[in-house]
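Input: a single structure, listed below in structure tokens.
The values are calculated or read from the model by the stated rules, or taken from the named source; none is laboratory data. This one's a predicted model, so the numbers in the text were calculated from it and none came from an experiment. Cβ: placed from backbone, ideal geometry, glycine included. Neighbour counts: every protein chain shown. Surface accessibility is based on the protein's heavy atoms, side chains included, excluding ligands, DNA and RNA. Shrake-Rupley method; radii C 1.70, N 1.55, O 1.52, S 1.80 Å.
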Amino acid sequence: MVRALRKGIYVPLPTFFDENEDLDLKSFASHVVYTAKAGILPVVCGSMGEAVHLSLDERVELVKTARKALDDNEMKDVPILAGIGAASTRETKVLATRIAEAGADHAILITGGYYAGALIKKPEAIKKFFVDVSEASPIPVMLYNFPGVTGGIDMTSDLVEDIAKSAPNTCGIKLTCGAVGKLTRIVATVNSKDFAETYPRKDPSAPFLVIDGFIDFFLPSMAPGASGTITGVPNFAPLTCMKLWEYCTRSDLHAPEVMREAQDLQALISRADWAASNANIPGMKRLLQNLFGYGHLPRGPLPEMSVDEAEKLLINHSAILTILETERKLQREGYKFTSNK
């Protein structure tokens with residue numbers, strides 16, 4: 001079954017563990033369904049999912065679990081984007097094949113940061129990494145730029161465009177660098193008619209999409225042509241995020257009243273995103289435990305967050321309480337965005 005790469009709101013799903021730090025697949029499957037039913041698209045084994053703490057077999061198991069959960073709940077058409085970042089090119093190629101066999105439709109790939117100094121000095125080595133992996137991958141590969149976790153590796157717009165032109169099996173980039181200018185330049189290139197005709201994708205159902213790594217500036221990034229965002233906020237407020245996506249895709253967005261409503265919603269989500277980002281993965285897990293009863297433990301050495309600290313930083317934060325009230329209101333109204341195809 002061909003599942004096209006979609007524009008929209010993606011969520012990096014946490015990986016839940018029991019008290020022994022073993023995978024809690026039941027909680028994971030439940031959360032996949034909860035977010036997907038709201039219209040949110042799943043990202044498995046990303047940064048939020050503690051991919052660096054997972055074995056290859058565990059990553060495969062999580063993709064299989066997500067695929068089964070979606071299929072069993074009448075969401076067979078929902079695609080899965082799965083992380084394949086590993087320390088070496090060789091291991092990454094193996095992982096790409098394994099997660100494709102497990103049911104992933106598209107892969108997302110970040111550079112390893114262990115030898116960041118050497119890679120930063122030779123951008124051609126970074127290009128070769130993405131080109132080599134995408135050529136070997138049986139599914140399209142999305143680039144992932146996140147300097148904060150890769151030792152400062154921050155791909156320029158020139159490098160990204162060069163990779164996109166040289167690697168037809170790439171299908172986009174997630175920019176977790178907050179550089180709106182970079183996003184604008186890349187969008188201007190890859191969304192052009194000339195790019196589509198001169199550098200066609202290997203898989204026509206997976207165009208080169210430019211995706212925000214933060215939802216806090218999502219509305220502004222839609223103006224130059226961003227295709228969506230990958231953000232942790234839908235883990236606890238999926239309908240609210242879909243409401244923002246609805247505003248961003250409305251033909252009358254620039255009508256003053258509509259724009260004002262969209263700006264207000266963007267502000268609400270931005271404040272919640274800031275609170276959640278400051279609490280990091282341990283805080284997110286505490287919040288989800290409070291909301292859904294999932295286990296709160298990250299896998300070591302990432303430290304767990306105490307209940308008192310979580311309540312102070314996140315659970316009782318005014319921005320979180322406000323967005324959760326908005327989420328409950330949308331639930332009561334039966335809100336559902338159904339055009340994310």
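Observations on the structure shown:
- Residues satisfying the stated conditions in the range 61-90, i.e. acidic (Asp, Glu) and in contact (Cβ under 8 Å) with a residue 24 or more places away in the chain: 61, 77
- Members of the range 195-221 that are closer than 15 Å to residue 231 by Cα and of a type in the set (D, E, K, R): 212, 216
- Contacts under 8 angstrom Cβ, first residue in the range 157-173 being free of Cβ contacts under 8 Å to residues at least 40 places away in the same chain and under 20 Å from residue 6 (Cα atoms), partner part of a helix (DSSP H, G or I) and open to solvent by 30 Å² or more (accessible area, probe 1.4 Å), 6 or more apart: 167/135; 169/135
- Test: residue in the range 280-293 that is within 21 Å of residue 217 (Cβ to Cβ), out of contact with any strand residue (DSSP E or B) (no Cβ under 9 Å at 6 or more places or on another chain) and crowded, with 22+ Cβ neighbours inside 10 Å: yes
- Single residue of the range 32-46 satisfying the filter (of a type outside the set (Phe, Trp, Tyr) and more than 17 Å from residue 228 (Cβ to Cβ)) that is most open to solvent (accessible area, probe 1.4 Å): 37
- Among the residues of the range 128-145, those identified as hydrophobic (A, V, I, L, M, F, W, C) and touching a Cys at 6+ places or on another chain (Cβ under 7 Å) are 141, 142.
- Candidate set from the range 250-279 (those that are among the hydroxyl-bearing types (Ser, Thr, Tyr) and either closer than 24 Å to residue 13 by Cα or touching a residue at least 24 places away in the same chain (Cβ under 8 Å) (or both)); member that is most open to solvent (accessible area, probe 1.4 Å): 277
- Scanning the range 182-208 for residues that are among the small types (Gly, Ala, Ser) and part of a loop (DSSP other than H, G, I, E, B), we see that the one that is surrounded by the fewest Cβ atoms within 10 Å (Cβ to Cβ) is 192.
- Taking strands (runs of 3 or more DSSP E) as the structural unit, those lying wholly within the range 101-181 and holding at least 1 residues that are of a type in the set (Gly, Ala, Ser) correspond to 106-110, 170-175.
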